[in-house]
């Protein structure tokens, strides 16, 4: 089978060769968030950029045009051990395709100003896709890479789940249908995981903060908060059951999660 791909555009980057990128990479998880570049789309594909301005981040699929070498076993930078190429982000691949996520700063006709670029100048771009919720995973393993993380990087990685839990609480405060939306977008397993993380440490202090965020009466107590969060609807949509309810707490059958009194 023969596959032929043609570029839809080219990268305009401050990096002129691969060594320039490697020099900026200080650790195994280093990114290039402060590097600004441009993606020039060919005129024949400009129409395909319609509505792209509405997205904050873009997934760029590109071709490592300057890489001629192909390997099955590579030694990643900042590692020193031999790894299978498919367990790395090495450009020395059987099919030299690259993938990166950049922040879209501005569109000017067929030119996209982006931030976080990690491609060299004149890199052929094969495709552009919008970055959406589907591209974000909550729990993941990083194999051998985890062993190479610095203390700061390890802290950052392990803090992601709690931060997402906090975000989940805020989303739930605004919309009792949130879980159902996540269920549709991510799948039931991810939705349950988010739910478990979001509710397991829900305290009266957090409840009070949510009430303040929603401008609810400070003395409304749990009934007011329950109304704001639409607990009954939330439970019904996911076939959950409130097995005990009082002015002090609500206990769901799911995971026996308790929402404490909001004062």
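No value in this document is a laboratory result; all are computed from the given coordinates. It should be emphasised that the depicted structure is a prediction, and the values quoted were computed from it without experimental measurement. With ideal geometry, Cβ positions are generated from the backbone for all residues, glycine too; neighbour counts draw on all protein chains shown.
How do 128, 61 line up, fewest other C-beta atoms within 10 Å first?
On the way: 128 22, 61 15.
Least to most surrounded, the residues fall as 61, 128.
Expected output is a single nm value to one decimal: the length gained when fully extending between residue 121 and residue 46, i.e. 0.36 nm times separation in residues minus the C-alpha distance. What is it?
Values: separation 75, 0.36 × 75 = 27.00 nm, distance 2.02 nm.
Roughly 25.0 nm would be gained on extension.
Sorting 35, 132, 123 on the 10 Å Cβ count, fewest up front, what's the list?
Working: 35 18, 132 11, 123 25.
Listed from fewest to most nearby Cβ atoms, that is 132, 35, 123.
Just to be sure I understand the model, the point goes 7 Å from the Cα along the line to the Cβ. What's the resulting residue 108 to residue 18 distance in nm?
Each label point is offset 7 Å from its Cα along the Cβ direction, giving 3.2 nm.
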